[in-house]
Structure formats: C-alpha cells, structure tokens
Amino acid sequence: MTWEYLVVETTLDSAALGELGAQGWELVAVVSPGHFVLHYFFKRPARG
C-alpha cells in the first residue's frame, strides 16, 4: 500500500481534526519541537 502524508504546523482544534478525519487523514503523531509549537503528522492511503 502506498501512503500520502500531511504535516500541519498550526494548532488544530477538535473541529479541524474532525474535518481532516472526514477527508481520510489519520493522525499518527504530534510533536512539540519548541514551546507552544505543535506539529501534527497525518497519513492516508494514496489515491490513485
């Protein structure tokens, strides 16, 4: 299976997370490389 990935570097609320989930994105990690900074990593099966 081939995957596509998305990295979001902005704080997301539950509505935004729900919208990404509805688009097929699965949250796989949240990393905080600095204070008050979050990076969200998503994946979903590649469409094709």
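The values are calculated or read from the model by the stated rules, or taken from the named source; none is laboratory data. Computed from a predicted model, the values in this text were never measured in an experiment. Glycine gets a Cβ as well: all are built from the backbone with ideal geometry, and neighbour counts include every protein chain shown.
Worth pointing out:
- Yes/no for Val37 being within 8 Å of the chain's Cα centre (by Cα) and touching a residue at least 12 places away in the same chain (Cβ under 8 Å): no
- Within segment 1-24, the residues that satisfy the criterion of being aliphatic (A, V, I, L, M) and either surrounded by 10 or more Cβ atoms within 10 Å (Cβ to Cβ) or within 11 Å of the chain's Cα centre (by Cα) (or both) are Leu6, Val7, Val8, Leu12, Ala16, Leu17, Leu20.
- Tabulated pairs, segment 10-22, first of a type in the set (Ser, Thr, Tyr), second not in a helix (DSSP H, G or I), C-beta under 7 angstrom, 6+ apart or interchain: Thr11/Leu38
- Sole exception among (1) modelled with pLDDT under 95; (2) in a strand (DSSP E or B) for Val7, by number: (1)
- Applying the condition of being small (Gly, Ala, Ser) and modelled with pLDDT of 90 or more to segment 25-34 and asking which residue is farthest from the chain's Cα centre (by Cα) yields Ser32.
Okay, residues lined up against (1) among the charged types (D, E, K, R); (2) touching a Leu at 6+ places or on another chain (Cβ under 8 Å):
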{"position": "Met1", "(1), (2)": "no, no"}
{"position": "Glu4", "(1), (2)": "yes, no"}
{"position": "Val7", "(1), (2)": "no, no"}
{"position": "Ala15", "(1), (2)": "no, no"}
{"position": "Leu20", "(1), (2)": "no, yes"}
{"position": "Trp25", "(1), (2)": "no, yes"}
{"position": "His35", "(1), (2)": "no, no"}
{"position": "Tyr40", "(1), (2)": "no, yes"}
{"position": "Arg47", "(1), (2)": "yes, no"}
